[in-house]
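Below is one structure, written out as structure tokens; comments come after it.
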Number of protein chains: 2
Amino acid sequence: MNQEYIKADNWSIIEEGFDQETVKSSESLFSLGNGAMGQRANFEETYTGPTFQGSYIAGVYYPDKTRVGWWKNGYPEYFAKVLNAPNWIGIDVLINNEPLDLFTCTAVKDFRRELNMKEGWYKRSFIATLPNNGAKVQVVITRFLSLDIDEVGAINYNVSPLDQDVEVTFVPFLDSGITNEDSNWDDKFWNTTEVHSKDNRAYIQAHTMKTNFKTCTFMASELLLDGKILNVEPNAKQKETWVGHTYTQKVKQGGVITLHKFGGYTVSRNHKADALVEAANSVLDQVSQLGFNALLEKQKEAWAAIWQMSDITIEGDEKAQQGIRFNIFQLNQTYLGTDPKLNIGPKGFTGEKYGGSTYWDTEAYCIPFYMATKNQNVARNLLRYRYEHLEKAIENAQKLGFNNGAALYPMVTMNGEECHNEWEITFEEIHRNGAIAFAIYNYYRYTGDYSYIPEMGLEVLIGIARFWHQRANYSEAKNKYVILGVTGPNEYENNVNNNWYTNYLAKWCIEYTVKQLHKVKDGYPDDYERIVGHTRLTSNEIDKWEEVAKGMYFPYSEKYGVYLQQDGFLDKELITVDKLDKMERPINQKWSWDRILRSPYIKQADVLQCFYFFEDHFSQEMLEKHFDFYEPFTVHESSLSPCVHSIQAAKLDRMDQAYQFYLRTSRLDLDDYNKEVEEGLHITSMAGTWMSIVEGFGGLRIIDDKLSFNPRIPNKWKSYSFKINFRNRIIKVTVSASGTKFKLDGHEQMSIRYKGKRLELNPGEEISA
Amino acid sequence: MNQEYIKADNWSIIEEGFDQETVKSSESLFSLGNGAMGQRANFEETYTGPTFQGSYIAGVYYPDKTRVGWWKNGYPEYFAKVLNAPNWIGIDVLINNEPLDLFTCTAVKDFRRELNMKEGWYKRSFIATLPNNGAKVQVVITRFLSLDIDEVGAINYNVSPLDQDVEVTFVPFLDSGITNEDSNWDDKFWNTTEVHSKDNRAYIQAHTMKTNFKTCTFMASELLLDGKILNVEPNAKQKETWVGHTYTQKVKQGGVITLHKFGGYTVSRNHKADALVEAANSVLDQVSQLGFNALLEKQKEAWAAIWQMSDITIEGDEKAQQGIRFNIFQLNQTYLGTDPKLNIGPKGFTGEKYGGSTYWDTEAYCIPFYMATKNQNVARNLLRYRYEHLEKAIENAQKLGFNNGAALYPMVTMNGEECHNEWEITFEEIHRNGAIAFAIYNYYRYTGDYSYIPEMGLEVLIGIARFWHQRANYSEAKNKYVILGVTGPNEYENNVNNNWYTNYLAKWCIEYTVKQLHKVKDGYPDDYERIVGHTRLTSNEIDKWEEVAKGMYFPYSEKYGVYLQQDGFLDKELITVDKLDKMERPINQKWSWDRILRSPYIKQADVLQCFYFFEDHFSQEMLEKHFDFYEPFTVHESSLSPCVHSIQAAKLDRMDQAYQFYLRTSRLDLDDYNKEVEEGLHITSMAGTWMSIVEGFGGLRIIDDKLSFNPRIPNKWKSYSFKINFRNRIIKVTVSASGTKFKLDGHEQMSIRYKGKRLELNPGEEISA
């Protein structure tokens, strides 16, 4: 595969030329999503070559029975799988009765894919010669998933015969006889209950096994000749898990036959289970009335509104520009924040991997992006998601032997239950609890909306504080509280003692919770009473928490003047990454697990993650010392690694290094650094890319309730700009080598900090600083 | 299930009364083996109730593709499975054309099983009433696997009608259409290539998939009426994977119809692959000529010879007597030491679990038993097994990143390749390498046969020393060599640093290897040259090994005056086992894995294992200190735990505690302590039981090339006796409260130590001391 086959472009992702080797990668890169559903860039027509089919419905999953080598007590019984959903995009195309299949066509010319990120559509075009009858046709397909009516997608499929008159047959179809690539026991995931057809519409009702998500997959179609709607009735056929409508039409050389297909899903998550067909018809009524073109216009408007708020421009570096827009585009395709039951899966709607939708990625990496580019309700919904799962987090902790309302949030989840199953992760990577508390703090810091804490957040914090209190134990030997047997963010260490990051978070969580208890008690006495009553919290218990927090142990090296990643880190052979033979990299592909574990190599920020979260707890000198100590041992083999390091390198004024890290995060998928893009995109790390620019280069912080900027710019760039929504005021920041410009929307004045000094912004006025 | 349904008896294992609930457990407890093949106590006739079918051929296994939750680099690709082999014992029995099936019979009276350990046979008898025709028959079946002709087993199946004349049909059959209970991917393990029948003999030729072990499963049968052979030809039938011979005979009320069936396997491990039928015929010729009764007589003689050498008598405690004989019997059924390619599987021939034949159990627990109760060649063969696998151990280490001939023996193996697949075991439980070196030392100490070391052992030691040298690393922080990321014998700790036992073994292995190098150089210069040439060993390399050994770090607590199981052990919450709620036990069933890992609880001797191996390195006072520190944290949830503790408690003169540990090890399976006997027996821990008596109570040691005894006796016992073979001289030791008697066989005088003092033994003379 040509590693960089994607053309550089400011607003589009473009592939030119047909290469069977890139089909699966492009299926990922050109994926579409609208927050409610997603679709890999699979072909509508038959393709008999290698392909990875994927249609996904947000929140619809399957609890696949866990399969492991050796069962450990307490393992979750299932591992939730992102489900491939019934296919609604399929259109069989026959030219003079011969199937169009790019894998068998004798010549495929002018093949081109374009994902237009500005307007939110995907277009594929080519000229193909059929292998048997030799007919040559030009095909242009445009597809999008509507942001306005998020249960529907639309396809405009054009065929134009170039060398002869032909008969074109379109068979738009629905198919629920689909499988998952990822399945532990080859279970059947979908059960089809009804297939039916009426006029130009068709429906398949199916439900997922076990979880019983009922869905109606639906479609409607219309035929156009040379742009004019033909009043034809399709010939309907149906099978057990399939329904298709056949249209056959003679088309003159140079003419254009077009099929408009609308399709999608109505789901029992959002509708009454017995009214899914009715709901589907309501959707189809709306889109039929609008028609393909009007719906596409609305799509462009919707994306314009998103970009209006979230675009980042980069002048002087087209690939960097394309990279950041791709990241922002994919984040918006994945999660729009309207449904508090949804969250941000690490692969979004672009693949099956990382079977589960929510990781600590959301709290640690994604929330800043959504807070700054959306209405603050979106981030609030992400927090509320964890509040809704509190009871299950308490149950999860109980399974592991904790009590009294201690909550351990799952490492991976769909519905609040743990659905990962490696003991060293599930049972030990407990720092995720800390990220969830941090997000509550971060949300209030950014939005100023305290109401979430008395309403919901405080109960989450209490469950988390209880967990840390119980999880730590007193070490007589150290006369301190220790946390034994954990895995930190650096998953290249397992079952270590006193991971500094985890211990620090634990202490912080307890202290932060106690502060919020006081604050809620003073400011929201009714909420306080309700919560204390509900959780049976006593001052005696709080005293015990505080004892643990005060007595927490932190491994530290006098010699190096750094906190140690964990007990015993200095016993390792401390050879820096630059001394490793390149042939040994990436170590996770070249080395056995034990060798990785006893090496000093770090997968992603661990000690430095704490310096990222709590940078105001540490001096610049301390950051430098820790960065200089740990970064040289860091292999960045997690997609979440470069962004934090980029931000810190920028803070240390090491712009070359910051820029290198930025490149690594921003074009991770476009340039397929990890040689795995065909499995799907790395969605959550894309939010980290956004942070690299806004927090790293732009130096955005919230200090004492005020926006603060300390901008830097990579040498290669002429300028860059970003917008942020801060407490319902929109500020545009444009940075160039010569200075920074700020422009505030709205009506009120606002004061910010710029390089440590106060700066007044007047609405509508561009200020150069 | 009635936990203690086995009747106490000095020489037999007896079950009385038919209980469907105990069928699977009894199938384990009444298992037969002869070192070359094994057979669970499955019924010959049809049984439609719950059963666990198991016929096993020594050394015949299947490399089942590894299935784990998350693949770690370096995992072995397969997990070898002990294979259920084609069934040769089957005999369908019909009474008046109705199948005899104990699951459906209306009444089963006088059901009795007896495993006669003295003579090596298994008898089952019962009176059954058939559900439809109501016929009442008495059935007596005797079965054994011949020790003389180890490819064959024999069955004597008697039916006697009690209340009417009946027609009896016997269909002795072979069946290769069998499956494994334990299979990762539901693969087919056997491929049948030929089924045929000639006169009263039949054969199925089949081979294992992948490993391609070719086998001929064979049988011959004869019919007897009232003890007289009937000259009848059976009616042969065959299917794709089955062949049966039908005999039908009218039997008068009170008469006895008997089927003799001989059957077994010839295997390409021992014969030419194309001569298996020929080999089978040769076996059948021999046994047909002898007949059932003469073959049984030979069996009794063979077992008498085994007991002559290995029996332990206990007066005054019938259950203890039965227990120890059961242990000795099963060890001899499992491994007789004649084939250096075989070894001692933890479940022997009694179940499928622990799929793999060789663990460190062999070197750490089994070798003393075989050295003392067999010709020394048997132990030599067990050592040679590892020598034959040296190349594969070097390959295994290479896969994990080691080089220069460093050898890491597998945790579990069939053919020298690793076939276990938990990272914390496979990659980290490396102390197994030390046990293999220790066994070389132990073999020489006991037998005085140094020749093994220049011939084979030294190369094994060099591979092991190289491994330890490379596996340790220099810690600047400690200015010592450390061994990071290991799992010790206590598998309730994973990925710990500086497990004291492992570090101690590593140092000892290097030092012992260097000593042997000098000794071989001086005494066997040709071997030395050959080995140094072959291994390219230089004095510079040896210097580096010694640097590591000399600089090895040992975690130690000044406060407690004990070596620490590993770094950080004292950070745990040190609550002793007696303080645990009984409802929390066994912790491996009640607690999640992370809770077990961070607890101080010990699965089996870890620090104390080192005190067992190297007791002369430590004072009695140190043993006491360490025993008193660690035993209270030990949950003994491994079958290998109580024996070592029993020996040490005896040494500390704590006979009540020693006796309690002894009971726990000796009747582990008979009383089904772990509620899992239906899966098979714990064979390797049975050798530990033997050690508990001989080394623990008897106080046997080898000191300065001399046998030494320091006997003690549990209060409950009147006396006990054991025999040992020490350098081809047989000494019988009889211990009672009043003193100890020694009797030496043979012709030469011999001096031993008794309670530290020299004692001269004259052949044939019993000496009281």
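Each reported figure results from applying straightforward, stated rules to the coordinates on display, with no laboratory input. Given the structure is predicted, the values throughout are model-derived calculations rather than measurements. With ideal geometry, Cβ positions are generated from the backbone for all residues, glycine too; neighbour counts draw on all protein chains shown.
Things worth noting here:
- Highest mean packing comes first when the peptides B:517-525, B:245-253 are listed by Cβ atoms within 10 Å, giving B:245-253, B:517-525.
- Pairs spanning more than 21 Å between alpha-carbon atoms, out of B:LYS353/B:LYS603; B:LYS651/B:LYS757; B:LYS550/B:LYS572: B:LYS550/B:LYS572.
- Taken over region A:343-476, the convex hull of the Cα atoms encloses 114 Å³ per residue.
- Around A:ARG384: net Lys/Arg minus Asp/Glu count, Cβ-Cβ under 10 Å: +1
- Between copies, the label points of A:ASP705, set 7 Å from Cα on the Cα→Cβ line, lie 9.2 nm apart, reported in increasing order to one decimal in nanometres.
- For region A:698-769, the Cα-based Rg and Dmax, in that order, read 11.6, 36 Å.
- Note on the protein assembly as shown: helix-only mean residue ellipticity at 222 nm, from DSSP H runs of 4+ residues weighted -39500 (n - 2.57) and normalised by residue number, equals -9500 deg cm²/dmol.
- Innermost chain B residue relative to the axis carrying B onto A, by Cβ distance in angstrom: B:ASN495, 2
- Taking only the alpha carbons of region A:1-94, we obtain Rg and Dmax values of 17.6, 56 Å in that order.
- Per residue Cα convex hull volume in Å³ - calculated over region A:248-315: 174 Å³
- Remark on B:PHE726: its backbone amide H falls under 5 Å from those of B:ILE731, a criterion applied only to residues 5 or more positions apart or on other chains, H modelled at 1.01 Å from N.
- Each other residue within a Cβ distance under 10 Å of B:TYR524 adds +1 if Lys or Arg and -1 if Asp or Glu, for a net charge of -2.
- Computed from the alpha carbon positions, the gyration tensor of region B:280-430 leads to an equivalent ellipsoid with semi-axes of 35, 21, 14 Å, biggest first.
- Values of log10 I(q)/I(0), in the order q = 0.11, 0.25, 0.26 Å⁻¹, for region B:168-244 under a Debye, Cα-only, solvent-free model: -0.37, -1.14, -1.19
- Value of relative contact order over chain B, rounded to a whole percent, pairs C-alpha under 8 Å and six or more apart: 12 percent
- Backbone phi angles across region B:548-561, fed through the Karplus curve with coefficients 6.51, -1.76 and 1.60 (θ = phi - 60°), yield HN-Hα couplings of 5, 4, 5, x, 5, 8, 10, x, 9, 10, 5, 4, 9, x Hz in residue order; Gly and Pro are listed as x.
- Antiparallel beta bridges, as assigned by DSSP with both residues in region A:698-769, represent about 90 percent of the total such bridges.
- Given charges at beta-carbon only (K, R positive; D, E negative), |dipole| of the protein assembly as shown in Debye: 1740 debye
- Sorting A:619-630, A:465-476 by average packing, meaning the other beta carbons within 10 Å per residue, from highest down gives A:465-476, A:619-630.
- A:GLY448 label point (Cα plus 7 Å toward Cβ) to equivalent points in the other copies: 9.4 nm, shortest first.
- The distance between label points at A:GLN398 and B:LYS755 comes to 6.1 nm (points 7 Å beyond Cα on the Cα→Cβ vector).
- Region B:38-310 - charge dipole about Cα centre, Lys and Arg +1 at Cβ, Asp and Glu -1, debye rounded to 20: 480 debye
- Counting Cβ atoms of other protein chains within 10 Å of each residue's Cβ and taking the mean over peptide B:566-575 gives 5.
- Size descriptor, Kirkwood hydrodynamic radius, that averages inverse alpha-carbon separations across region B:649-769, Å: 15.5 Å
- Each copy carries A:HIS196; placing its label point 7 Å along the C-beta direction from Cα gives inter-copy distances of 6.5 nm, listed from smallest up.
- Karplus-derived HN-Hα couplings along region B:589-604 (A = 6.51, B = -1.76, C = 1.60, θ = phi - 60°), whole Hz, x at Gly and Pro: 9, 9, 10, 6, 4, 5, 5, 4, 4, 8, 7, x, 7, 10, 6, 8
- Amide N proximity, region B:691-729 versus B:GLU318 label position 7 Å along Cα-to-Cβ, cut-off under 16 Å: B:717-718
- Relative protection proxy for B:730-743, B:491-504, from highest mean packing down: B:491-504, B:730-743 (other beta-carbon atoms within 10 angstrom).
- Cα centroid separation - region B:510-578 against region B:587-647, whole Å: 22 Å
- The fraction of Cα-Cα pairs per 10 angstrom bin, counted from 0 for region B:38-310, comes to 7, 28, 33, 22, 8, 2, 0 percent, rounded to whole percents.
- If R0 is taken as 41 Å, the Cβ-Cβ distance between A:LYS300 and A:ASP526 corresponds to a FRET efficiency of 0.30.
- Kirkwood Rh, angstrom, chain A [1 / mean 1/r, Cα pairs]: 27.7 Å
- Per the Debye formula on identical point scatterers at the alpha carbon atoms of the protein assembly as shown, with no solvent, log10 I(q)/I(0) at q = 0.03, 0.05, 0.06, 0.09 Å⁻¹ is -0.19, -0.52, -0.73, -1.29.
- Local net charge near A:ILE683, Cβ-Cβ under 13 Å (Lys/Arg +1, Asp/Glu -1): -1
- Cα centroids of region B:28-82 and region B:711-751: 39 Å apart.
- Full extension of the segment from B:ASP187 to B:ASP163, taken as 0.36 nm per residue of separation minus the current Cα-Cα distance, would add 3.8 nm.
- Per-residue mean of C-beta atoms belonging to partner chains within 10 Å, peptide A:586-599: 6
- Quotient of the Cα radius of gyration of region A:462-556 and 2.2 N^0.38 Å, N being its number of residues: 1.20.
- Shielding score for B:137-147, defined as the mean number of other chain Cβ atoms within 10 Å: 0
- If you wrap the tightest convex hull around every Cα atom of region B:596-690 and split its volume per residue, you get 102 Å³.
- With θ taken as phi - 60° and the Karplus curve 6.51 cos²θ - 1.76 cosθ + 1.60 applied, the whole-hertz 3J(HN,Hα) list for region A:566-576 is 6, 4, x, 4, 6, 7, 6, 7, 8, 9, 6 Hz, x standing for glycine and proline.
- Looking at the protein assembly as shown, the DSSP beta bridges with both ends there are about 95 percent antiparallel.
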